[in-house]
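To keep things clear, I will list the structure first and then write my remarks on it.
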Amino acid sequence: MPNLLARYFRLKEGQESLPPGTREMGLVFMLASLGMLFASMLVGYFTVRWMAGEWPPPGTPKLPAGLWAGTAVLILGSLSIHRALAGIRAGSSARLAVWLRWTLILGLLFLGIQGLNWAALIKAHGGPTDGMYGFLFFVLTMLHGVHVVAGLLPLGVALSRVRTGRYTAGSHHGIRSLAIYWHFLGLTWLVLFAVLYLADRP
């Protein structure tokens, strides 16, 4: 997935030989496939929850409070990539670079917070080997984390392209695609967070 994303967001503006609309259609198909992947995982989650006599199972540790911090950081990341897009639309490569860096930092911070959350759950015996609840939690959150990593790679490529003046107010398709992808990650996480948080209520 990271390599596919890096190839999709090739980020060499003005060097395309594809028919008009091809990349937009590719982005739609990619996000649709990712949406179906997460939707199928949630269907599996709700199926297990429905079949369980009690959910969460007795003795299941509470979700780490750090999930709230991670959610806030990811929302800020979505806002920062929006500011980056607004910057290049206004013709400011400097603003684009600043907000891309912030998006990269916030993405890394989100992964760091998630790592702490996973460690806290494992320590509280709520890990993936401690029961179905922990297993499903880790599957859903790690699947999302993998796609955050996949989004960080083209961010790094974009930053390198900014230094060479690849983007202009009239040519920044890769940045727009990145922004859409990060908004998708933020929306997906909000859905996952709501599902997991509500499931944690007795």
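Throughout, read-outs are computed from the coordinates displayed, never taken from laboratory work. It should be emphasised that the depicted structure is a prediction, and the values quoted were computed from it without experimental measurement. Backbone-built Cβ (ideal geometry, glycine too); neighbour counts: all protein chains shown.
Full extension of the chain between Lys62 and Ile75 gives 2.4 nm of extra length, using 0.36 nm per residue less the Cα-Cα distance. Here the chain is treated with +1 on each Lys and Arg Cβ and -1 on each Asp and Glu Cβ, and its dipole about the Cα centre works out to around 720 debye. In this rough spin-label picture, where each label sits 7 Å from Cα along the Cβ direction, the Leu190-Ser92 distance is 2.5 nm. Calculated translational diffusion coefficient of region 76-202 (4 °C, 1.567 mPa s; Stokes-Einstein with Kirkwood radius over alpha-carbon pairs) equals 82 µm²/s. Each Cα pair under 8 Å and six or more residues apart adds its separation to the average, and for the chain the resulting relative contact order is 36 percent. Under the combined filter of DSSP loop state and at most 14 neighbouring Cβ atoms within 10 Å, region 27-123 retains these trypsin sites (Lys or Arg not before Pro): Lys62.
Placing a label point 7 Å from the Cα of Glu54 along the Cα-to-Cβ line, no residue of region 172-199 has its backbone N under 11 Å from it.
Take the convex hull of the alpha carbons in region 26-96; its mean projected area over all directions comes to 7.4 nm². Helical content alone sets the calculated 222 nm signal of the chain at -26500 deg cm²/dmol, taking -39,500 (n - 2.57) per DSSP H segment of four or more residues and averaging over every residue. Debye-formula intensities of region 25-149, expressed as log10 I(q)/I(0) at q = 0.11, 0.12, 0.19 Å⁻¹, are -0.51, -0.59, -1.11 (one equal scatterer per alpha-carbon, no solvent). The alpha carbons of region 68-120 stretch over 44, 14, 8 Å along the principal axes, in descending order.
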